[in-house]
Each structure stands twice: as structure tokens, then as C-alpha cells.
1. Only one of these is under 30 Å from ASP135 (Cβ atoms) and either within 23 Å of the chain's Cα centre (by Cα) or surrounded by 10 or more Cβ atoms within 10 Å (Cβ to Cβ) (or both): ILE163, ILE214, ILE182. Name it.
2. Across region 57-76, what is the total count of residues that are out of contact with any Phe, Trp or Tyr (no Cβ under 9 Å at 6 or more places or on another chain) and farther than 11 Å from SER37 by Cβ?
3. Among the listed residues THR243, THR237, identify the single one that is over 28 Å from GLU189 (Cβ atoms), among the hydroxyl-bearing types (Ser, Thr, Tyr) and modelled with pLDDT under 85.
4. Condition (residue is modelled with pLDDT of 60 or more and surrounded by fewer than 16 Cβ atoms within 10 Å (Cβ to Cβ)) applied to region 27-34: is it met by at least one residue?
5. I'd like the residue in region 105-121 that is under 22 Å from PRO43 (Cα atoms) and small (Gly, Ala, Ser) and, out of all such residues, is surrounded by the most Cβ atoms within 10 Å (Cβ to Cβ).
6. Taking the condition under 28 Å from GLY219 (Cβ atoms), of a type in the set (D, E, K, R) and surrounded by fewer than 10 Cβ atoms within 10 Å (Cβ to Cβ), does GLU124 pass?
7. Quickly run through region 110-144 and pick out the residues that are without any contact (Cβ under 8 Å) to a residue 12 or more places away in the chain and among the small types (Gly, Ala, Ser).
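The values are calculated or read from the model by the stated rules, or taken from the named source; none is laboratory data. Keep in mind it's a predicted model, so treat the numbers as computed, not measured. All Cβ positions, even for glycine, are placed from backbone atoms using ideal geometry, and neighbour counts span all protein chains on display.
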Amino acid sequence: MALADWNGFYDPDTANLDNIAASAASNAAARMDSSRSCYFYVPSTSSEEDEHRLGAVFRLGEYADIEEQAFRADELADWYPHQHIIDEGSTANVYKNASGGGDGILLACDGRILVKAEEKMYLETADFSQQVNGDYTVNVDGAASVTSSGKLEMSSSAEVVSISSGAGKDITLSAGDGTGVIQTNAKEETKTIAGDTYEYNSGNTKSFTEGNSIDMTFGGSLAIFGGGELSIGMGATTEINATVAVGMAAMTVDVVGIAAEVTGKEVDLKELAVKLKTLLVSNETMAAQIKQMSVEMTELKAASKTISTENSTVAAKSESVKAKSGGVTADTTGLVVNI
């Protein structure tokens, strides 16, 4: 019997050499009147109650009459994928449109389907629907790439979603290559950064916090504002600095209703600066005076040398007078000399 003449059923009671030709001819004629298909069907043998239920079926072409029987027995869930039943509306269209607009393939069983290829495997389709009624595992020994020209979603309705990379490997999030928006919607957010953190924002930054805000920095902190800064506080403000606080401004304007200040020791830096400047001027004047004194002492030393020279001259002249008055005796009694 040719494959085109076989209707997919095997009846042991009629499987003899006498009636094979007649049975095949009648069944083929009936099949040609209803649809154009060929199928292999194996009933379930798990129990007596399931004797006529689906074990395995492989159908080529249009839908077969056995599929109509499954519809009348309300067994479509054993034959067709769940999404196909939903798309067709759980009516007779489920089996009538099972092959689509042309010739289709139906493959269903109550056991396992195993497919293995030592080389490549290609699968191409229009719309694709896949439902897994259990765990789903994909192991890729190599690179994996998922590209979509439309919307791409990944979600879990009941469990955790984790994204991780290998040790020392990066994770990159890019929204439109810098032209899109990244939105985060969560109850809480926790970040743990083992190294440095860099953030560059070429636009405005707006932050709204309804609760408390705590910022603790155990190192130095530097804030540079190129424009104006406005701070509005609706509650009390307290600032505690255990070391030195230095403030510098070209001009300061304070408008205070009530000011209270407790100061242990106050130092006017402006007055101190003036005193330091005055001390510096005094030191410069004292240095000039000391220098002038040194010059005067040099001049005094030179004058002393001149006096010493003049004394030596006077002594020499006295010796000369004494020599000239040798042998002369003068009485100077009562003589008064006015100088």
C-alpha cells in the first residue's frame, strides 16, 4: 500500500491480505473527501482508562479526522499547545486551523521529544510562542546574543531576577547609546561599591527626598559651585566642627532675627593682621636704626683715630719747646693765663 493511500489507522481485525486493498481504497476515498493529510498515531497504553487517549501523533498536511475526534472528546489540551488553543478561541477552529493557511505539521506525545544535531540546527518561523510548564534551562557553551527589532521584555511574576557577570567582567547598560532614558522603580535600593565611583551629568540634577537624608564622609570633601547657591531650611540647623573652620567671602550679608553666640575665645584676624603688619614695619625701622648706628660707630672710630694722631703731634711739639728753652729760667708766681 502506498503512503498516499494510508489513512493513519491500523486495525488488527482487518489487517489481512483479503481486505487490505478494499479497506485502503474506501478509507482513501473518505480521506480525499474531508482533507488532505497523512499521520502516524499511537494510542496511550498507560492504563485501561487512557487506552484511547493520545500517546503520540505525527501529522503532515491539513488536519485529520482523528483531530476532530479529539475535539469532540474534549482532549484538545493533549494535542495542541496552550497558546494555540487560546488564539483560536477553544472552538472547532482549534483543529480546523491547526495547519494554518497551508499544509502543517502536528507533533504531540505524552512522553518526551528528543532532538539532537551534531552540527548546526536552524529554526525559522513567523510568530513564535513557547510555553514551559516547568523549569527552563539554557546552557550555552560560547557566546549568546539576543537581538530584537521591537520591544524586548524580561520579567518574573513571582521570583527574583538576577544579572551577573564573571569575575572581573563588566556589565554595561546603554539606553539608546546615550539618547534614551533609564528608569528605576523600586521600594529600596542598596549599592555596594568596592572602588571609586564616577558620575558625569551634562544636564540638571534634581533630587526629592521625603524622609531623612544622612551623608557620612570619612575623608575630605570638596564642593565647587560655578553659579549661585540657595539653601532653605524649615527646621533648626546645627553645625559641629571639632577642628578649625575658615570662611572667606568678598561680601557677607546676614539677616538675623535673633542671634545667640557662645564663644570661648575670639581672635580678630583683621586686627591680628594689622598688628603683624605694624610689627613688621617696626622691625624694618629697627633694622634701619641699627644700620645707622653701625655707620655712626664707624665714623666715631675714624674720629678717634684722628684725635689720637693730633695728640701725637701735640706731644712732639711739646718736646720741641722744651728743647728750645734750655738754660732759660722763668718765675711764674702769680701769673694767670687766660685761654
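1. When all the criteria are applied, what remains is ILE163.
2. 5
3. That would be THR243, the only listed residue that is over 28 Å from GLU189 (Cβ atoms), among the hydroxyl-bearing types (Ser, Thr, Tyr) and modelled with pLDDT under 85.
4. No, because not a single residue in region 27-34 is modelled with pLDDT of 60 or more and surrounded by fewer than 16 Cβ atoms within 10 Å (Cβ to Cβ).
5. Per the criteria, the residue is ALA108.
6. Taking the combined requirement at face value, the residue does not satisfy it.
7. If the condition is that a residue be without any contact (Cβ under 8 Å) to a residue 12 or more places away in the chain and among the small types (Gly, Ala, Ser), then ALA117, ALA126, GLY134, GLY142, ALA143, ALA144 are the ones that fit.
A quick yes/no check of all residues on (1) polar (S, T, N, Q); (2) loosely packed, with under 10 Cβ neighbours inside 10 Å; (3) at pLDDT 90 or above:
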{"residue": "SER129", "(1), (2), (3)": "yes, no, yes"}
{"residue": "VAL132", "(1), (2), (3)": "no, yes, yes"}
{"residue": "ASP135", "(1), (2), (3)": "no, yes, yes"}
{"residue": "SER156", "(1), (2), (3)": "yes, yes, no"}
